[in-house]
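Let me begin by presenting the structure, written as structure tokens, before commenting on it.
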Amino acid sequence: MGSTILYIEDNFENRLLVRRILEAEGYRVVEAEDGPRGLALAQSMRPDLILVDLHLPDIDGYELVRWFKQMPHLQGVPIIALTADVIRGTRERALATGCDGYIPKPIDVDALPAQIAAFLKTEEARHGP
């Protein structure tokens, strides 16, 4: 199986859609339905990439990104905001918080695999396979 992706998203339908798309491309998707579960999973594993919704119950995506950036074992792991929040400034705030990329919802099902592959390839080019 290919790269492992941690996907933190509170909406079941969004998790189902992204998992189906990415698993069809050979990725392994580990899901968390809220911030605390996402944080726990991130502490116990080293995914190849993290997708995080910015608006989550309990701990929002911005706070999660700040936590992830402090974890030594996650250094170099691309963190991508995957969010329906497309108001002006959201992308910039996500990047300033530490996200390596930003993908708006609704998800473009045809483009998502290539977007994920590009983030993984960029990281691989920086640090080696």
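The values are calculated or read from the model by the stated rules, or taken from the named source; none is laboratory data. In this text the structure is predicted, and so the values were computed from the model without any measurement. So basically every Cβ, Gly included, is an ideal-geometry build from the backbone, and we count neighbours across all protein chains shown. The area values use the complete protein model at the heavy-atom level, side chains included, leaving out ligands, DNA and RNA. Shrake-Rupley method; radii C 1.70, N 1.55, O 1.52, S 1.80 Å.
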In Å², and per residue, what accessible area does the chain have when probed at 1.4 Å with the other protein chains present? 52 Å²
Calculated [θ] (222 nm, deg cm²/dmol) that DSSP helices of n ≥ 4 give over the chain, each run adding -39,500 (n - 2.57): -13500 deg cm²/dmol
Within the accessible area of segment 1-100 (1.4 Å probe), percent carbon and sulfur: 48 percent
Once you put a point 7 Å from the Cα of Trp67 and another 7 Å from the Cα of Ser44, both along the Cβ direction, what distance in nm separates them? 1.3 nm
Kindly work out what percent of the DSSP beta bridges joining two residues of the chain are antiparallel, to the nearest 5. 0 percent
If we count every other residue with Cβ under 10 angstrom of Gly98's Cβ, Lys/Arg +1 and Asp/Glu -1, where does the sum land? +1
Quick one: which residues, 5 or more positions from Ile103 or on another chain, have an amide H under 5 Å from its amide H? H modelled 1.01 Å from N in the peptide plane, none for Pro or chain starts. Ala81, Leu82, Thr83
Report relative contact order for the chain in percent, whole number only (criteria: Cα-Cα under 8 Å, sequence separation at least 6). 22 percent
In debye to the nearest 20, how big a dipole does segment 1-106 give about its Cα centre with +1 on each Lys and Arg Cβ and -1 on each Asp and Glu Cβ? 280 debye
Quick one: if you stick a label point 7 Å off each Cα along the C-beta vector at Arg93 and Glu23, how many nm between them? 3.3 nm
